[in-house]
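So the structure is just underneath, and the comments pick up after that.
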Amino acid sequence: MELNGTKLMGARKMNPNSLANLRLGAIARNQGKVRCHLSISPESKEWLGATGDRSRRLDELIWKVLKGELVGVRKVEELELRVKD
């Protein structure tokens, strides 16, 4: 095969296992999480990014709030009622 007088290699061959491996990788990356975009203050972004994993840090923060470790339990119960409504 030639293009403008330059010899090109033949068509690339695809290993039949390549697609299977790609699918397995996509399944492994799906950890039951949902991707969303949020607008946060620059200070929050800096604090969340301090560990390098903003998503994990935000998840930990929310779990602590829901378990009542960061606010009074009464406030958590009120929040749960608002969420249910």
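The values are calculated or read from the model by the stated rules, or taken from the named source; none is laboratory data. The structure presented is a predicted model; accordingly, all values stated were derived computationally and were not measured. All Cβ positions, even for glycine, are placed from backbone atoms using ideal geometry, and neighbour counts span all protein chains on display.
State which residue is modelled with the lowest pLDDT when the search covers only the range 20-32 and only residues that are in a helix (DSSP H, G or I) and not hydrophobic (A, V, I, L, M, F, W, C). Working first, answer last.
Quick first cut of the range 20-32, residues in a helix (DSSP H, G or I) only: 20-29.
Cutting the leftovers down to not hydrophobic (A, V, I, L, M, F, W, C) gives us 21, 23, 25, 29.
Values: N21: 76, R23: 75, G25: 73, R29: 70.
So the residue we want is R29.
In the range 33-68, which residue that is within 18 Å of the chain's Cα centre (by Cα), farther than 23 Å from V83 by Cβ and loosely packed, with under 11 Cβ neighbours inside 10 Å is modelled with the lowest pLDDT?
Taking the range 33-68 as the starting set, the residues that turn out to be within 18 Å of the chain's Cα centre (by Cα) are 33-40, 44-63.
Adding the requirement that they be farther than 23 Å from V83 by Cβ leaves 45-47, 49-53.
If we keep only those that are loosely packed, with under 11 Cβ neighbours inside 10 Å as well, we get 46, 50-52.
On the way: E46: 88, A50: 83, T51: 77, G52: 82.
Step by step, filter the range 33-68, then rank; the result is T51.
Among the numbered criteria (1) more than 25 Å from the chain's Cα centre (by Cα); (2) modelled with pLDDT of 75 or more; (3) surrounded by 11 or more Cβ atoms within 10 Å (Cβ to Cβ), which single criterion is violated by K75?
Here K75 meets the rest and fails (2).
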